[in-house]
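Undergrad: Once you've had a glance at the structure underneath, I'll fire off some questions.
The values are calculated or read from the model by the stated rules, or taken from the named source; none is laboratory data. Being a predicted model, the structure only gives us computed values, none of them experimental. Virtual Cβ from ideal backbone geometry, glycine too; neighbours counted across all protein chains shown.
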Amino acid sequence: MLEKDPLSEPTAPQLVIENAKQQALNQIVFCLAVVGAIGGPLSVARTVVTGWQAIYALHIVISIGAILLWVFSGKLPYRIKFWSLISVMWCVGVAGLVKYGMLGAGSWWLASSALLGGMLASRHIGLLLASGAIVVTTLVAYCYTSGIFALRPAIEVSDYMHSPITWATYLVSVVWLPMIIFTSFSRFSGLITSLANETAAAQAELYRMASVDTLTGAVRPHILQARLEYELLKGKRSQAGVGVIFIDLDNFKPINDTYGHAAGDAILVEVVRRARGALREEDIIARIGGDEFIVAITGVTTEEPLAKVAEKLKRAVEQVFYYQGRKLDIGLSLGMASSVGNDLSVEQLISAADQRMYRDKRGGRTLASVQTPLNHGAA
């Protein structure tokens, strides 16, 4: 069996559902034809117990109709095939309910039609058929209890219940066919659940791709922006603020040019991995450029803990890098800024940290510049 072309477009979920409905309908139509081929003669055979009744002629007509529906099902549109199936089930159900009351399986046929309507058509069709089944059953119950309807000719219940033909008819129409219907329903429900899981997984993957840098795993700039806006808004209601640390890699371009992009990519991935090891779980690192990153630190009350995080980041990231046996020297230039005691926007906060980073780079990558007080007026 050939595998599906990996470059082909995926099948639309709606098309998968429609195909599943078509398969389920065809299966049930076939099973109904089997019931007609077996159940029709069995119903006639009940004349041994009940004597000939006009309803048996109706059973024969309905059985022939069920068989013909299956024979021509391949040529019939889905809608016609569906409503033909429902019509057959209602003919059997209403006739049995009126003729035999609770002794027959009429109410089961009506209830099953509602189940099929909800599965193969729509929830509204299912509810409509269920409502109709309740109304018809209620009316028939009223007619029997008020004496309008009666079993004619009267049936000896004991003989009826002890008849093998009665039980054979019951097993075919009320046991075997329901098993097929509920199997189809279970399979269809499983398909819907599978599609829902696939859709949820696809949405999660789309969100991940839109939110996370595919190379390093760092968040994308718009996620950083949203997080900082949220933290700044939250900080206005509390004493805590948010701090940012702007990171720029030193000597990255020469290594990228000398050893190739694969080496540069490996360094970027390792930088993010090491940085995460130095951060708390609630802090985030975002990649905003080729070799530029921003770390967001929440719950900041002073710049002192921010400076400690910066020191920790430098120690973690500036450890020796090895790529294919080669020792690579990578350093960091850092600049930090915080919203503590300042009414800064996200752009002003990042701009201030960016300026500090360039001051650090010009100053020879010393932490002294990172720890000096921020001149917010420059922002």
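Undergrad: Could you please find all residues in the range 286-329 being of a type in the set (D, E, K, R), in a loop (DSSP other than H, G, I, E, B) and more than 20 Å from Pro221 (Cα to Cα)? So that I can check it myself, show each step before the final result.
TA: Step one: filter the range 286-329 for residues of a type in the set (D, E, K, R), giving 287, 291-292, 303-304, 308, 311-312, 314-315, 318, 326-327, 329.
Retained after the next criterion (residues that are in a loop (DSSP other than H, G, I, E, B)): 291, 318, 329.
Result: Glu318, Asp329.
Undergrad: Of Ser189, Ser173, Ser158, Ser163, which residue is of a type in the set (Ser, Thr, Tyr) and at pLDDT 75 or above? Spell out how you get there, then give the answer.
TA: Working: Ser173 fails: at pLDDT 75 or above; Ser158 fails: at pLDDT 75 or above; Ser163 fails: at pLDDT 75 or above.
Testing whether each residue is of a type in the set (Ser, Thr, Tyr) and at pLDDT 75 or above leaves just Ser189.
Undergrad: For the range 1-108, list the helices (runs of 4 or more DSSP H) that sit wholly inside it and hold at least 3 residues that are at pLDDT 85 or above; which are they? Before you say what the answer is, go through the steps one by one.
TA: Values: elements: 13-45, 47-50, 54-71, 78-100.
Helices (runs of 4 or more DSSP H) meeting the threshold: 13-45, 54-71, 78-100.
Undergrad: From the list Leu215, Leu249, which one is over 26 Å from the mean Cα position of the chain (by Cα), in contact (Cβ under 8 Å) with a residue 12 or more places away in the chain, closer than 19 Å to Arg274 by Cα and not assigned by TED's automatic domain parsing to the domain that holds Lys361?
TA: On the way: Leu249 fails: not assigned by TED's automatic domain parsing to the domain that holds Lys361.
Going through Leu215, Leu249 in turn, the sole match is Leu215.
Residues are listed down the side, and each one gets a yes or a no for (1) under 27 Å from Arg187 (Cβ atoms); (2) of a type outside the set (D, E, K, R); (3) free of Cβ contacts under 8 Å to residues at least 60 places away in the same chain; (4) out of contact with any helix residue (DSSP H, G or I) (no Cβ under 8 Å at 6 or more places or on another chain):
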residue: Tyr56; (1), (2), (3), (4): no, yes, yes, no
residue: Leu68; (1), (2), (3), (4): yes, yes, yes, yes
residue: Gly74; (1), (2), (3), (4): yes, yes, yes, yes
residue: Ile80; (1), (2), (3), (4): yes, yes, yes, yes
residue: Leu85; (1), (2), (3), (4): yes, yes, no, no
residue: Gly101; (1), (2), (3), (4): no, yes, yes, no
residue: Ser131; (1), (2), (3), (4): yes, yes, yes, yes
residue: Val135; (1), (2), (3), (4): no, yes, yes, yes
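Undergrad: Shifting gears a bit: For the range 222-236, state whether one or more residues are surrounded by fewer than 17 Cβ atoms within 10 Å (Cβ to Cβ), in the same structural domain as Ser339 (by TED's automatic domain parsing) and on the phi > 0 side of the Ramachandran plot.
TA: No, the range 222-236 has no match at all.
Undergrad: When the residues of the range 237-260 are filtered to those that are more than 15 Å from Leu334 (Cα to Cα) and in contact with a Ser or Thr (Cβ under 9 Å, 6 or more places away or on another chain), which remaining residue is modelled with the lowest pLDDT?
TA: Start the filter on the range 237-260 by keeping residues that are more than 15 Å from Leu334 (Cα to Cα), which leaves 237-242, 253-260.
Imposing the further condition that a residue be in contact with a Ser or Thr (Cβ under 9 Å, 6 or more places away or on another chain) reduces the set to 239-242.
Values: Gln239: 75, Ala240: 80, Gly241: 85, Val242: 90.
Among them, the one singled out is Gln239.
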